[in-house]
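Step one of this worksheet: look at the structure below.
What follows draws every value from the coordinates through simple rules; no lab data is involved. Model, not experiment: these values are computed from the prediction. Here Cβ is always computed from backbone atoms with ideal geometry, including for glycine, and neighbour counts include all displayed protein chains.
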Protein chains: 6
Amino acid sequence: MFVYQKKLQYPVKIDKPNPRLASIIISQYGGPDGELGASLRYLSQRYSMPFDELKGLLTDIGTEELGHLEMVGAIVHQLTRNLKTKDIEGTPFEQYFVDHTNGIYPTFASGTPWTAATMQVKGDPITDLTEDLAAEQKARTTYDNILRLSDDPDVNDVIKFLRQREIVHFQRFGEAIQLLREKLDQKNVYRMNPAMDL
Amino acid sequence: MFVYQKKLQYPVKIDKPNPRLASIIISQYGGPDGELGASLRYLSQRYSMPFDELKGLLTDIGTEELGHLEMVGAIVHQLTRNLKTKDIEGTPFEQYFVDHTNGIYPTFASGTPWTAATMQVKGDPITDLTEDLAAEQKARTTYDNILRLSDDPDVNDVIKFLRQREIVHFQRFGEAIQLLREKLDQKNVYRMNPAMDL
Amino acid sequence: MFVYQKKLQYPVKIDKPNPRLASIIISQYGGPDGELGASLRYLSQRYSMPFDELKGLLTDIGTEELGHLEMVGAIVHQLTRNLKTKDIEGTPFEQYFVDHTNGIYPTFASGTPWTAATMQVKGDPITDLTEDLAAEQKARTTYDNILRLSDDPDVNDVIKFLRQREIVHFQRFGEAIQLLREKLDQKNVYRMNPAMDL
Amino acid sequence: MFVYQKKLQYPVKIDKPNPRLASIIISQYGGPDGELGASLRYLSQRYSMPFDELKGLLTDIGTEELGHLEMVGAIVHQLTRNLKTKDIEGTPFEQYFVDHTNGIYPTFASGTPWTAATMQVKGDPITDLTEDLAAEQKARTTYDNILRLSDDPDVNDVIKFLRQREIVHFQRFGEAIQLLREKLDQKNVYRMNPAMDL
Amino acid sequence: MFVYQKKLQYPVKIDKPNPRLASIIISQYGGPDGELGASLRYLSQRYSMPFDELKGLLTDIGTEELGHLEMVGAIVHQLTRNLKTKDIEGTPFEQYFVDHTNGIYPTFASGTPWTAATMQVKGDPITDLTEDLAAEQKARTTYDNILRLSDDPDVNDVIKFLRQREIVHFQRFGEAIQLLREKLDQKNVYRMNPAMDL
Amino acid sequence: MFVYQKKLQYPVKIDKPNPRLASIIISQYGGPDGELGASLRYLSQRYSMPFDELKGLLTDIGTEELGHLEMVGAIVHQLTRNLKTKDIEGTPFEQYFVDHTNGIYPTFASGTPWTAATMQVKGDPITDLTEDLAAEQKARTTYDNILRLSDDPDVNDVIKFLRQREIVHFQRFGEAIQLLREKLDQKNVYRMNPAMDL
């Protein structure tokens, strides 16, 4: 189970409203490679992952990503909370606003509602960890692109923190695959699905 | 941010594999009225909800639902973890198995991947809390239907616990709407969107 | 069965083309809380709703919403029918135009095609009516937002009519839940699904 | 606007519950080529269709299809209304039941919620009428398949009526294209989009 | 099987970057009536199509459409490959860019990922060929709309080529239906599904 | 452009109809990790991939996967082409049959139409190649699961061939990442997006 601690993993303090930027950053809330997909992917893959340290790794990173989801929500909220209607008109935020006002809704930048089709839980440990490597790279690239499109230093400071965490996760998943391969080799079941066949 | 505690909110101990039942209960993991949608709905609605006690309520219930999501995942996992291939053939679990083996993936009972289109964050406090009342009733009905289709007492014991929690949440959201209406009346802004207009 | 009467429930007469506004108002045609979902939700819930007066209420409101769908279509049509290509370029209507010219297509403001995942028919009378309360509040909020973003009095006159009807429907669904609870209490089946258990 | 008449276009009287058959026929309620898509397609295409008789044809057929939607809902309802839980277990209706009890929900046979992506409104009269020809053939084929899979004469009697109506509609849309081509030739605008260019 | 030839069916040489235009033309890559759907529709319909010449026609046109898909990808690539970030900001390409940088991804103009719900394979030869007639008209209309919104002669030259091919395909599918009807009449099975009943 | 050669990459000769197996194997036609997604992913990623040998690799593998798509279609077709209606009733193929007869349609095993949300083109070479590693593992696992559920030697012979090709592709993508890293290091741009920044 989860316990909520009333603070963000890293502080978010944004003064300048910016609906254009909000309509881009929302993709890390509910976009194809965002934090919702990340946390749900890892927390779901736990069940069929053999070996306690790998299960624990997925739980740790999945839980941290829930905190990142909260941070991205805070960014979008702070970018849009004090908007006047005239600040919204003619911006790409307008199509979002009509359906969600300035609530935070898990959607792609394009407005497509988040779908679990963007993630996979395959029930094969090698496969799931490889999926996770790809997920971290995709999230990292999205943060790269946000940094290209944003010149708000308050925003970019947080985005750089989040981007850095994805790189750390990528490395940890890489180590996890190594560990898994070693364990599987010891049991002479290389290339089998250890969740099914052990 | 969130902290993980390594225990379930309520214990899940299921001995008898049952792929048919798993293919139904998965809907409370990733179905239209399941625990994923519940937690994400409440944790997302927090940002634009005025008044600290209402924001806190959404955080509390949203966090609890994350724990319920974990419990439902544990049920499905325990119902399918020791299956032999021949136990799967000819059951409705077979279509799930080909794409997810016995991993836990957020999907409707029908196999539709979860989509955020099943939930809404409207950015209007009255509206969001009414959405939450409906969500709790829909979850409660799904648990009713699971109880109709299951005769495994180990499963039903957990399902009844989860069903009861939805009823408690329904009542708390009802009280929250009352509280909100009182606060809004005091400020004489009844029927306005307090998130936009205060 | 349905009979068409060749007039709108409330007249729509818009002179000024406005592709920006059209790209917002389309969400009440085919968006997550629009008139298509409303009419289909109520007309579908009828079948399993016990008690003739409740079934009749769903039929009445569902049929009226079909007329609202028609009105919203007329608004979008009148806002876009005389557009020159140069009026479209650079507006958010351009992405819609390439795929639908100035036809009327049931889509979210974001361009997501309407999906039945945005509505629910749960087959439990209490639950379905609570879903309907939420639906009416969500539609009302969307109309609120359109009024915030539009300053065309011809449009706003119609939108205010439609918004007012949602409030009336909300009240009627509230009364319906009261009526249902009374009927269920008389039969001592409170909290059971009367569609299944009576 | 639409007026409801409290009778079906053609009577539906089914005695024998049949969850297997219900799980197939639901596709004509909310499947890719079902009556929901049909009515919404035609009623939406009206707005940009030039020439009153073509607009009228779309309105007539679209309104009739609303009545067919109602009839298909009645079939599914009558096939499932008196089911006991034990009649549902192990049938393909079980996955539907957990999320919708025996309510009527617009879904594919596979359980995919209906999506407007299955239909098109292109805003070009020739194109829209050709889309309609295809739609009628697709609906006709679905009814053919239902007849192959059903041996309930009460069901088949209604399905044959509905199938016959699709063939009539196909012919009427064929005549409409002829009429449109003649009108366009008179104005020497063949191959232009008359909705845009007249 | 397929062999790749390293040249485009028709040359694409675009000098001027244009993110606005790219965000429209992408709909012929992955939009509801684009080249992906076209090729996949025809190549999938082959299997159940009786008569070798019709199967061959579907294979020919389906393979050609794969080449058109490649050409449309080349157009979008050339319109976006040399963009500076400042050229993207404030254009409708920005929402695409955050998730795909300047990669080519199969999406509607609105940003909805391509879905097979936009096409049908009905397994009935008459129906599938009628679906194909509609598909060609819808693609033709999309190219019409692109021509209305583009004034880049390098782009328009290619679009006109692609548009012309859709018209040719429409005619060939029309002839195919004629051929099919003749063959079916000879066997006296008119209005039956020849894939099932011969 | 593509040229069709009228033979399969590897022969498919299946005698025994088997609708249950068809309803599983269809997932490699249009499922989340199937051949459609594979070919489209690689053929789309080509445009923004720097370095001719990597672009060529994506083209080669993408083209081969088109041939695999054709082979999987042939398997499903041969498993279902001679079915009598009574062979279909009560099998999981029935829900597919009502909407597609025995045509081949790109769908998940669950019946969800294929969606591009299951794949990504990120426009960053490192990221796209990592996505491809994950894609190959996911496809390999699906083939593993099909082998677990099938005991038809004619089917399994082909599935083993396809599975083996995924492993070869996985290795080639691994080598490609190595090559890419070396090239990027030489230019001292490690961790930048070479498609954007070179």
Given C:A135, C:P106, C:I146, which one lies farthest toward the positive end of the charge dipole of segment C:75-159, if we put +1 on the Cβ of every Lys and Arg and -1 on the Cβ of every Asp and Glu?
-> C:P106
Per-residue Cβ contact counts at 10 Å, fewest first, order E:Y47, C:Y10 as C:Y10, E:Y47
So the compactness index of segment D:66-151, its C-alpha Rg divided by 2.2 N^0.38 Å, takes the value 1.34
So, with +1 on the Cβ of K and R and -1 on the Cβ of D and E, and no other charges, what is the size of the charge dipole of chain F about its Cα centre, to the nearest 20 debye?
-> 180 debye
Sorted from fewest to most neighbouring beta carbons within 10 Å, what does the list A:V121, C:V72, B:V155, C:V168 look like?
-> C:V168, B:V155, C:V72, A:V121
Cα-based Rg/(2.2 N^0.38 Å) for segment C:1-102, rounded to two decimals, is 1.29
Ordered by number, the trypsin sites (Lys or Arg not before Pro) in segment E:27-90 that occupy a DSSP loop and have at most 11 other Cβ atoms within 10 Å are E:K84
Quick one: P(r) of chain B from all Cα-Cα pairs, 5 Å bins, percents rounded to integers, in order of increasing distance.
-> 1, 8, 16, 18, 17, 14, 10, 7, 5, 3, 2, 1, 0, 0
Please state the Cα pair-distance histogram of the protein assembly as shown with 20 angstrom bins from zero: what percent is in each bin?
-> 12, 47, 37, 4, 0
Looking at this model, which pairs from C:K160/D:K6; B:K7/F:K138; B:K16/B:K160; E:K13/E:K84 are more than 25 angstrom apart at the alpha-carbon?
-> C:K160/D:K6; B:K7/F:K138
Going by how many other beta carbons lie within 10 Å of each one, how would you line up E:H169, B:H77, fewest first?
-> B:H77, E:H169
Förster-model FRET efficiency, 45 Å R0, B:K13 and E:K55, C-beta, rounded to 0.05 | 0.20
If you take the charge dipole of segment D:7-70 about its Cα centre, with +1 on Lys and Arg Cβ and -1 on Asp and Glu Cβ, which of D:Y29, D:I61, D:Q45 is farthest toward its positive end?
-> D:Y29
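Do the sum for chain F: with -39,500 (n - 2.57) for every DSSP H run of n ≥ 4, divided by all residues, what is the mean residue ellipticity at 222 nm, to the nearest 500 deg cm²/dmol?
Mean residue ellipticity, 222 nm, calculated: -20500 deg cm²/dmol.
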Cβ-vector label at 7 Å, D:F51, separations to other copies in nm | 2.9, 5.2, 6.0, 6.0, 7.1
So what's the angle, to the nearest 10 degrees on a 0 to 90 scale, between helix C:125-149 and the longest Cα principal axis of chain C?
-> 20 degrees
Inter-copy separations for C:R20, label at 7 Å along Cα-Cβ, nm, ascending | 1.5, 1.5, 6.0, 6.0, 6.2
What does the charge dipole of the protein assembly as shown about its Cα centre add up to, to the nearest 20 debye, if the Cβ of each Lys and Arg holds +1 and the Cβ of each Asp and Glu holds -1?
-> 0 debye
To the nearest 10 degrees, how steeply does helix C:52-80 sit against the main Cα axis of chain C, on a 0 to 90 scale?
-> 10 degrees
